[in-house]
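**Q** Got a structure for you, questions after.
The values are calculated or read from the model by the stated rules, or taken from the named source; none is laboratory data. Computed from a predicted model, the values in this text were never measured in an experiment. As a convention, Cβ positions derive from the backbone with ideal geometry for all residues, glycine included, and neighbour counts pool all protein chains shown. These area figures cover heavy atoms from the full protein model, side chains too; ligands, DNA and RNA do not enter into them. Shrake-Rupley method; radii C 1.70, N 1.55, O 1.52, S 1.80 Å.
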Amino acid sequence: MQIVSVFRHAGMAESASLNFEQPLYVYDIKKRKDLGRQQTVSLSITPYRAMFYAISPQPLKPVQLNVAVSKVAPGSVQQAVVKSALPEGSQAVKVWVTMPDGKPADWADTVVVTGGQGATVDVPVAYNDPKGAWTVHATELYTGVTTTATFSVE
C-alpha cells in the first residue's frame, strides 16, 4: 500500500486526475471514503488544502480487534489488542471506548500504528465507572472501517 498526497502551494483551483498503470483500490483518507478499484481518480486541486489517498493492489481488510478477557472488575485494566490486516507494513488505527450508556470513555481515546504483531491499548476501569457492556472501537484510518469488541464490567 502507498500513501499519495496532492498539494498546491498557490494558484487557482483546478481539475486534475491521478492515473495509474493498472486499476488499484483507492481510499480518500480525509473523507474516509472507499473510492473502489480505479485506474484514474478525478479530483479538484484546491490551493493550500492537502489531499491524501491510500492506494493498494488489494482491497484493505478491517483491522483485527480482541479484548484480553470478557469480564473485568471495577478498578482494573482491560487490554485491547489491535492487529493490522496487511500482509506486511503498518496501519494507523483510532481506538476509542464507549461505556454502557453510549458515552465515550475519553481517557481511552488514542491512535496507534500497528503491524502484524499488534498494538496493545490499555483501558482503565475506575472503581466508580458504570457496570455493564463496554465497547472498544478500532477505526482503520485509511479506509474508515470500524471494528468493535465488547467486554463487561461486573
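**Q** With Cβ to Cβ distances under 11 Å as the rule, what net charge do the other residues near Val95 carry (K, R +1; D, E -1)? Provide the component values of the computation, followed by the final result.
**A** Values: positive: Lys94; negative: Asp109, Asp122, Glu140.
Net charge around Val95: -2.
**Q** Continuing with the same structure: Tell me the per residue accessible area of the chain using a 1.4 Å probe; a whole number in Å² is fine.
**A** Details: 8780 Å² over 154 residues.
Value for the chain: 57 Å² per residue.
**Q** For region 60-154, what mean projected area does the convex hull of the alpha carbons give, in nm²? Walk me through the numbers on the way to the answer.
**A** Numbers: hull surface 21.6 nm².
Its average projected convex-hull area is 5.4 nm².
**Q** Can you tell me the dipole magnitude for region 71-135 around its Cα centre, using point charges on the Cβ only (Lys, Arg +1; Asp, Glu -1), in Debye to the nearest 20?
**A** Working: 5 positive and 6 negative charges, 33 e Å.
Here the size comes out at about 160 debye.
**Q** Need the C-alpha centroid separation for region 118-146 versus region 59-85, integer Å.
**A** Centre-to-centre (Cα) distance: 7 Å.
**Q** Still on this structure, please answer the following. Roughly speaking, to the nearest percent, how much of region 1-125's 1.4 Å accessible area is carbon and sulfur? The partial results should precede the final answer.
**A** Values: 3700 of 7460 Å².
C and S fraction of accessible area: 50 percent.
**Q** Follow-up question, since we're still on this one. Per residue of region 24-30, what does 6.51 cos²θ - 1.76 cosθ + 1.60 with θ = phi - 60° give for ³J(HN,Hα)? Whole Hz please, x for Gly and Pro, Karplus curve as stated.
**A** 10, 7, 10, 10, 7, 5, 5
**Q** Return the sequence-ordered ³J(HN,Hα) values of region 114-120 in whole Hz as given by the Karplus equation 6.51 cos²θ - 1.76 cosθ + 1.60 applied to θ = phi - 60°, using x for Gly and Pro.
**A** For region 114-120, the Karplus curve yields 10, x, x, 6, x, 10, 9 Hz.
**Q** Using modelled backbone amide H atoms (1.01 Å from N, in-plane), which distant-in-sequence or interchain residues come within less than 5 Å of Leu35's amide H?
**A** HN-HN under 5 Å from Leu35: Val26, Tyr27, Asp28.
**Q** How big is the charge dipole of the chain about its Cα centre, in debye rounded to the nearest 20, if each Lys and Arg gets +1 on its Cβ and each Asp and Glu gets -1 on its Cβ?
**A** Numbers: 13 positive and 12 negative charges, 54 e Å.
With only Lys, Arg, Asp and Glu charged at Cβ, the dipole is about 260 debye.
**Q** Mind listing the phi-derived Karplus ³J(HN,Hα) values for region 94-104, rounded to whole Hz, using 6.51, -1.76 and 1.60 with θ = phi - 60°, and x for any glycine or proline?
**A** With coefficients 6.51, -1.76 and 1.60, one gets 8, 10, 9, 10, 10, 7, x, 7, x, 6, x Hz.
**Q** Could you point to the residue in Gln2, Thr46, Gly132 farthest towards the positive end of the chain's charge dipole, with +1 and -1 charges on the Cβ of Lys/Arg and Asp/Glu respectively?
**A** The Cα lying farthest towards the positive end belongs to Thr46.
**Q** Tell me, what is the 1.4 Å probe accessible area of Arg8, in Å² to the nearest 10?
**A** So the heavy atoms of Arg8 present about 70 Å² to solvent.
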